[in-house]
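S.K.: Submitted below is the structure of interest, expressed as structure tokens.
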Amino acid sequence: MKIRWNAILNFLVLFAVLISVAGIQTTLWFQLFGNVPAPMLWLNLIVYVTLYRKPMPAILIIYAMGFALLAFTAMPLKMMWISLLILFTLVYGIKSRVFWSGSGYYTIMCSFSVVAYHLIYFFTSMVLEKNPASFEIVDRLVQIILTPTFAFPMYWVLAKIDKISQDELMHEPGGLEL
């Protein structure tokens with residue numbers, strides 16, 4: 001099996017973007033906006049990887065990203081990986097039914113994913129943890145509103161990164177192509 005250097009470069013650049021957006025979310029956001037909950041910028045990156053990569057590389061990239069995100073959160077590894085795997089399954093299931101390339105679809109999937117992620121995290125926390133996560137409706141609603149608003153600029157940046165660092169498009173449309 002031949003290693004493609006473009007794929008490694010792409011992974012490293014996406015990893016650097018992940019660390020950057022997680023850093024912005026956890027430190028810079030609160031310096032600028034005070035107590036307003038930060039959007040889940042890293043989740044938009046996870047959705048992009050799910051939509052525009054083949055399944056096995058996407059799962060490996062998402063697991064690596066989930067492990068890297070542990071430095072920015074107090075969430076246990078089991079919660080991070082289980083939540084991301086369930087979210088991957090949901091998004092990939094929708095992608096296999098209906099897919100079109102572009103920022104509109106990406107924004108729709110980011111909107112779906114942030115709602116789904118909060119529900120997944122809340123319910124898996126109730127099942128797996130002794131002290132489950134609190135519901136915090138206002139904080140979660142603010143994140144649900146803010147996260148998709150950053151989807152379009154992130155799509156533009158991530159598409160440019162893919163255009164520069166990859167030989168071929170990695171998405172595989174399934175189901176109904178629009």
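The values are calculated or read from the model by the stated rules, or taken from the named source; none is laboratory data. On a predicted model such as this, the values are computed, not experimentally measured, just so you know. Glycine also receives a Cβ, built like all others from the backbone with ideal geometry; neighbour counts cover every protein chain displayed. Calculation scope for accessible area: heavy atoms of the full protein, side chains included, ligands and nucleic acids excluded. Shrake-Rupley method; radii C 1.70, N 1.55, O 1.52, S 1.80 Å.
S.K.: If you check Ser96 against the conditions, is it of a type in the set (Gly, Ala, Ser), in contact with a Gly (Cβ under 6 Å, 6 or more places away or on another chain), open to solvent by 40 Å² or more (accessible area, probe 1.4 Å) and within 30 Å of Ala7 (Cβ to Cβ)?
M.R.: Considered against the rule, which asks whether it is of a type in the set (Gly, Ala, Ser), in contact with a Gly (Cβ under 6 Å, 6 or more places away or on another chain), open to solvent by 40 Å² or more (accessible area, probe 1.4 Å) and within 30 Å of Ala7 (Cβ to Cβ), Ser96 comes out as yes.
S.K.: If you don't mind, another one. Is there a residue being part of a helix (DSSP H, G or I), surrounded by 17 or more Cβ atoms within 10 Å (Cβ to Cβ) and free of Cβ contacts under 8 Å to residues at least 60 places away in the same chain anywhere in region 127-138?
M.R.: No, region 127-138 contains no residue that is part of a helix (DSSP H, G or I), surrounded by 17 or more Cβ atoms within 10 Å (Cβ to Cβ) and free of Cβ contacts under 8 Å to residues at least 60 places away in the same chain.
S.K.: Next question. I need the full set of residues from region 99-117 which are surrounded by 17 or more Cβ atoms within 10 Å (Cβ to Cβ) and at pLDDT below 95, in order please.
M.R.: Phe99
S.K.: If you don't mind, another one. Name the one entry in Leu60, Leu70, Leu28, Leu85 that is farther than 23 Å from Phe11 by Cβ and open to solvent by 20 Å² or more (accessible area, probe 1.4 Å).
M.R.: Criteria check complete, one pass: Leu28.
S.K.: Considering region 78-103 alone, what residues qualify as being part of a helix (DSSP H, G or I), more than 16 Å from the chain's Cα centre (by Cα) and free of Cβ contacts under 8 Å to residues at least 60 places away in the same chain?
M.R.: Lys78
S.K.: What pairs come up if the first residue lies in region 139-153 and is farther than 9 Å from Val114 by Cα, the second is hydrophobic (A, V, I, L, M, F, W, C) and surrounded by fewer than 20 Cβ atoms within 10 Å (Cβ to Cβ), and their beta carbons are under 7 Å apart, counting only those six or more places apart or on different chains?
M.R.: Going by the 7 Å Cβ cut-off, the qualifying pairs are Val142/Val36.
S.K.: List pairs: first residue in region 45-60 and over 12 Å from Ala159 (Cα atoms) and assigned to a helix (DSSP H, G or I), second residue open to solvent by 10 Å² or more (accessible area, probe 1.4 Å) and modelled with pLDDT of 95 or more anywhere in the structure, Cβ distance under 8 angstrom, at least six positions apart or on different chains.
M.R.: Short answer, once both residue conditions are applied: Ile46/Phe88; Thr50/Phe88; Thr50/Tyr92; Pro55/Tyr92; Ala58/Phe88; Ala58/Tyr92; Ile59/Leu85; Ile59/Phe88.
S.K.: Identify all residues within region 139-162 that are polar (S, T, N, Q) and either surrounded by 19 or more Cβ atoms within 10 Å (Cβ to Cβ) or in contact with a Phe, Trp or Tyr (Cβ under 9 Å, 6 or more places away or on another chain) (or both); write none if there are none.
M.R.: Gln143, Thr147
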